[in-house]
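What follows is a structure written as structure tokens; I'll ask about it next.
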Amino acid sequence: MLDTTGTKQSAAPPPAARARARRRGFGASVPSSVITIASLVIMLAFWEIFGREINPIFASYPSEIFKAGVTMVEDGELFEAFIQSMKPLSLGYFIAAVVGIPLGLLTGRYRWAEAGLGMYVTAGYAMPLVALIPLFILWFGLGFAVKVAIVSVLAVFPIAINTWAGAKSVPRTLIELGKTYVGSDFQIMTKIIIPSTLPFIMVGLKLAVGRSIIAIVVAEFFTLLTGLGGIILKAGDSFDTARMFVPVVVLMALGIGLTWLVGWLEHKVAPWQRDIADSER
Amino acid sequence: MTFAGPKVRVRDLTKEYYVSTGGGTQVVNALNGISFDIRAGEFVALTGRSGCGKTTSLRIVLGLDEQTSGTVEIDGREVNGCGYDRGMVFQHAELLPWRTAIENIEFGLELKGVRKDERRSIANKMLDLVGLKKSADRRPYQLSGGMKQRVGLARALTTDPEVLLMDEPFGALDAQIREEMQTELLSLHEKTKKTVMFVTHDIDEAVLLSDRVVIFTPHGTIHEIVDINIPRPRNDPIGIRGTEEFQNKRYHIWRMLKLTDQRPADLAM
């Protein structure tokens, strides 16, 4: 009896197993990386096919962009522009993190800070700070400093607002635990609030990646036409659409790469978080 | 240690809350003059329906909440805020999710400023005491409800408190685990001789564990303090449940809770 069931099972999955697989949903057995690559291939194929039909001034297509990209890599222009953009981008992002995290922690933890600073954080997050760029140029000139300033100002608010939300959502009972053991404000901050807020800080840092990339391109448009933003604008002005797309693709890849980097960092500093999420899935 | 009075002395405790409602602010009298003593080594349970003030009393003794009037003394010293002479076991364990079991147990000592090697060795002893030696490096999400509560109990014991405060620690556990934990708490109490103040709404639990049961009315006063004359050590919880003393006290407390329940709590507000 046992034997027959055994052979049946090896021949084909029993109905129960099949039902289970069905319940797990479409594509449960396909690795994520395969789905991602398939999605990319389909998207590029469509773009290539339909892009060729359109006047090259209005749009371009992958193979043409790739060709333009190769030329720009060969003459070193792309790499130089990339470095030109990355320097103010990384410094601005770093400043945003160093200012935004403590700002968010303070507003989330202390009533006086929330009452005194909260509205600026909310306003700074919601308003189009790009509108202030002419003023920034007056203050910081047209060089490196103004780009750093624009990146930090755009990136600081998503970091601060997320950290703030995180610090506010620390369970009251955990703070009481700290008080039970006569913890100082500093101990409660470093041993309870910050670890508890880390996942929120990481979300803020991820959102700030996108904001920083927008910021650096806009900064380059408004100031001296340097870096990747400079190439985009110059190529666009000369109707060289394929060339214009090269830095755009680089910026997209940069966004994905940096976000992944923050995710990796999150796993390094808060490994329990992913474990908890996995255990509840 | 030469102090001859009670370990815990609670006198005329009152507590008013202000609750903002749609129509304005309402004053709620959570406690209306509570007085009782707990002797050294005694196990006292506070029981009553929810909202009767038993947890509020515990939180005031712990120092997390402040009373409106009245006093709390531990060994004759008036309580003013939290201190290491009291250890707390919370209703839902309240473990830090990013710390392993052993790191959670160390937490109190860490805030107290105990050296790392010393606190690790104390934490290991406590971990052993609650029977979790094998789970030292698990994080809270990898622990069952009962295990979490054991970690919470071990953490409370690390600072060697004069009084152990427990706020419905087994309330969220399923029946079998709860009974297991009760048995272990009895033997732990036997070993450590700690003074325990235990909040519960479970009458069986109150009678089984305590030397005296404080019955609260729904209006934040004490109705009666019942002596439980079951000898210690109470090694046989099943047998104890069958004794006449257990049955009588259980029935008595149950009847008193029903009686004091006649008036709806709303009238007390």
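Each value in this text was obtained by applying a stated rule to the coordinates, not by laboratory testing. Because the structure is a prediction, the values reported are computed rather than measured. Here Cβ is always computed from backbone atoms with ideal geometry, including for glycine, and neighbour counts include all displayed protein chains.
Counting other Cβ atoms within 10 Å, keep those with at most 13, restrict to DSSP loop, and tell me which trypsin sites (Lys or Arg not before Pro) in the range B:108-169 are left. The partial results should precede the final answer.
Working: sites: B:K112, B:R115, B:K116, B:R119, B:R120, B:K125, B:K133, B:K134, B:R138, B:K148, B:R150, B:R155; in loops: B:R115, B:R138.
When the trypsin sites (Lys or Arg not before Pro) of the range B:108-169 are filtered for loop state and at most 13 Cβ neighbours within 10 Å, B:R115 remain.
Sum up the lysine pairs in the range B:95-160 that clear both bars: alpha-carbon distance under 19 Å and a spacing of 8 or more or different chains. Kindly include the intermediate steps, with their values, before the conclusion.
Values: B:K112/B:K125; B:K116/B:K125; B:K116/B:K133; B:K125/B:K133; B:K125/B:K134; B:K125/B:K148; B:K133/B:K148; B:K134/B:K148.
Lysine pairs meeting the criterion: 8.
Shifting gears a bit: Hey, what number do you get for chain B at 222 nm if only DSSP H runs of n ≥ 4 count, each worth -39500 (n - 2.57), divided across all residues, to the nearest 500?
Values: 9 runs with 101 residues, N = 269.
Taken over chain B, the calculation gives -11500 deg cm²/dmol.
Can you tell me, using C-alpha contacts under 8 Å and at least 6 residues apart, the relative contact order of the range B:95-160 as a whole percent?
Worked out over the range B:95-160, it gives 50 percent.
Next up: List the trypsin sites (Lys or Arg not before Pro) in the range B:178-269 that DSSP assigns to loop (not H, G, I, E or B) and whose Cβ has at most 14 other Cβ atoms within 10 Å. Which are they?
Working: sites: B:R178, B:K191, B:K193, B:K194, B:R212, B:R234, B:R241, B:K249, B:R250, B:R255, B:K258; in loops: B:K193, B:K194, B:R234.
Answer in residue order: B:K193.
Same structure again: Need one number: % antiparallel among DSSP beta bridges in the protein assembly as shown, to the nearest 5. The partial results should precede the final answer.
Values: 24 of 41 bridges.
So the antiparallel bridges in the protein assembly as shown amount to around 60 percent.
Compare A:S32, A:S85, A:S238 in a GNM of chain A, Cα atoms joined below 10 Å, and give the one with the largest fluctuation.
So, out of A:S32, A:S85, A:S238, the one fluctuating most is A:S32.
Another question, then. Quote the charge dipole size of chain B about the Cα centre in Debye, to the nearest 20; the model charges only the Cβ of Lys and Arg (+1) and of Asp and Glu (-1).
Numbers: 37 positive and 38 negative charges, 101 e Å.
So the magnitude is around 480 debye.
Still on this structure, please answer the following. At a threshold of 8 angstrom on Cα-Cα distance, excluding pairs fewer than six apart, so keeping six or more, what relative contact order does the range A:137-206 reach in percent?
Details: 42 pairs, mean separation 29.8, N = 70.
Relative contact order here is 43 percent.
A follow-up question, please. Consider just the alpha-carbon atoms of chain A and return their Rg together with their Dmax, both in angstrom.
Values for chain A (Cα only, Rg and Dmax): 25.1, 87 Å.
Could you work out the helix-only [θ] at 222 nm for chain A, with each DSSP H run of four or more residues adding -39,500 (n - 2.57) and the total divided by the number of residues, to the nearest 500 deg cm²/dmol? Spell out each step's value before the answer.
Working: 14 runs with 227 residues, N = 281.
So the calculated ellipticity at 222 nm is -27000 deg cm²/dmol.
In the range A:104-138, what chymotrypsin sites (Phe, Trp or Tyr not before Pro) fall in a loop by DSSP, with at most 15 other Cβ atoms inside 10 Å? The partial results should precede the final answer.
Details: sites: A:Y110, A:W112, A:Y120, A:Y125, A:F136; in loops: A:Y110.
In loop regions of the range A:104-138 (DSSP not H, G, I, E or B), the sparsely surrounded chymotrypsin sites (Phe, Trp or Tyr not before Pro) are A:Y110.
Could you run the Karplus curve 6.51 cos²θ - 1.76 cosθ + 1.60 with θ = phi - 60° over the range B:227-237 and give me ³J(HN,Hα) per residue in whole Hz, x for Gly and Pro?
With coefficients 6.51, -1.76 and 1.60, one gets 7, 10, 9, 9, x, 9, x, 9, 7, 10, x Hz.
If you find the alpha carbon centre of the range A:64-81 and of the range A:224-278, how far apart are they in angstrom?
17 Å
Using Cα positions and a limit of under 29 Å, work out the lysines in reach of A:K67, with same-chain residues fewer than 8 apart set aside.
Of all the lysines, those that pass the test against A:K67 - Cα under 29 Å, at least 8 places apart if same chain - are A:K87, A:K234.
Please get the size of the charge dipole for the range B:136-269, origin at its Cα centre, with Cβ charges of +1 on Lys and Arg and -1 on Asp and Glu, quoted in debye to the nearest 20. Present the calculation step by step, with values, prior to reporting the outcome.
Details: 18 positive and 21 negative charges, 40 e Å.
I would put it at about 200 debye.
To the nearest 20 debye, what charge dipole does the range B:95-160 have about its Cα centre, counting +1 at the Cβ of each Lys and Arg and -1 at the Cβ of each Asp and Glu?
Details: 14 positive and 8 negative charges, 31 e Å.
So the dipole magnitude of the range B:95-160 works out to roughly 160 debye.
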